[in-house]
Amino acid sequence: MRPSLKPKPFLRSTRVHEVCGPAAFAFAALCAGKQALWIREAWLADIVLPQGMEIYGAPSGILLARPASQIDALAVAEEALKDGAAPFVILEITRPLDLREGRRLQLAAKAGGTTGLCIIPEGMGSNAAETRWRATPVFDPDREDSTLMRWESIKNKSGTLGVWYVRWDPQTHHLHVVPPVGLQPGSAGLPE
């Protein structure tokens, strides 16, 4: 039997985390759970459609906010984290946060008992972030509808760094931790 885990246990609650990489949106959607606020600046051309996240949970639980600028987005995120009405807040970042902005988000998450996740461009990040992840898709030749992803912890203030290969199971709504390709049962050196 493969081990499985709920999407959010690896993100410490009452803290704000970061994710980057080509699978960052899937990482965020998996972590959102049943209820989340997704904040994305209005000037960005593409749009998040909750219906596209149906595989990960009910789209009716995703509330979208489209403020005009990153300053407004930070204000919305801070108030949402502080309020605690949405247990999970996702914020798309378009420019680096300074230490003051990152620290304000951390204090708001602690005050509201909520968890935050900033989707950041590769190579950008705040010193105030609790953890930073890089999420990338992995080609799986054995599956037509591959949802295999590589999640790498590249910053962790209170733990170790590591790499996990995960696959989402839409029937059970769990992540399954899988060995990397070449280290799966039947590979050289591993029992069947």
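Under a plain spin-label model, where a point goes 7 Å from the Cα along Cα-to-Cβ, how far apart in nm are Leu99 and Asp83?
For the pair Leu99/Asp83, the computed spacing is 3.1 nm.
Report, by chain and number, residues whose modeled amide H sits under 5 Å from the one on Lys155, excluding near sequence neighbours (fewer than 5 apart, same chain).
Arg132
So, in nm, how far is label Ile154 from label Leu64 when the simple model puts each one 7 Å beyond its Cα toward the Cβ?
2.7
For a quick check of your reading of the filter: which trypsin sites (Lys or Arg not before Pro) in segment 75-144 sit in a DSSP loop and have no more than 16 other Cβ atoms within 10 Å? Walk me through the numbers before you get to the answer.
Values: sites: Lys82, Arg100, Arg103, Arg104, Lys110, Arg132, Arg134, Arg143; in loops: Arg143.
Taking segment 75-144 and a limit of 16 other Cβ atoms within 10 Å, the loop trypsin sites (Lys or Arg not before Pro) found are Arg143.
Quick check: at a probe of 1.4 Å, how many percent of the accessible area of segment 4-178 sits on carbon and sulfur atoms?
Working: 4720 of 8390 Å².
Here carbon and sulfur together make up 56 percent of the probe-accessible area.
Translational diffusion coefficient, Stokes-Einstein: compute it for segment 4-178 using the Kirkwood radius over C-alpha pairs as Rh, at 4 °C and 1.567 mPa s, and state it as an integer in µm² s⁻¹.
Working: Rh = 16.2 Å.
Roughly 80 µm²/s, to the nearest whole number.
Could I have the simple spin-label model distance between Asp142 and Glu122, label points 7 Å from Cα toward Cβ, reported in nm to one decimal?
It works out to 2.8 nm between the two label points.
Give a quick list of GluC sites (Glu not before Pro) in segment 75-152 that DSSP marks as loop, anything other than H, G, I, E or B, with at most 11 other Cβ atoms within 10 Å.
Working: sites: Glu78, Glu79, Glu92, Glu101, Glu122, Glu130, Glu144, Glu152; in loops: Glu122, Glu130, Glu144.
Sites meeting the loop and neighbour criteria: Glu122, Glu144.
To the nearest 0.05, how large is the calculated FRET efficiency for His173 and Ala42 if R₀ is 41 Å and r is the Cβ-Cβ distance? Mind dumping the intermediate values first?
Numbers: r = 31 Å, r/R0 = 0.76.
So the FRET efficiency works out to roughly 0.85.
With a sphere of radius 13 Å drawn around the Cβ of Ala65, what net charge do the other residues whose Cβ falls strictly inside it have (Lys, Arg +1; Asp, Glu -1)? The partial results should precede the final answer.
Working: positive: Arg40, Arg66; negative: Glu41, Asp72, Glu78, Glu79, Asp83, Glu92.
Local net charge: -4.
The values are calculated or read from the model by the stated rules, or taken from the named source; none is laboratory data. Please read all numbers here as calculations on a predicted model, not as lab measurements. Every residue, glycine as well, gets a Cβ built from its backbone with ideal geometry; the counts of neighbours run over all protein chains shown. Areas reflect the complete protein model, heavy atoms only, side chains present, ligands, DNA and RNA absent. Shrake-Rupley method; radii C 1.70, N 1.55, O 1.52, S 1.80 Å.
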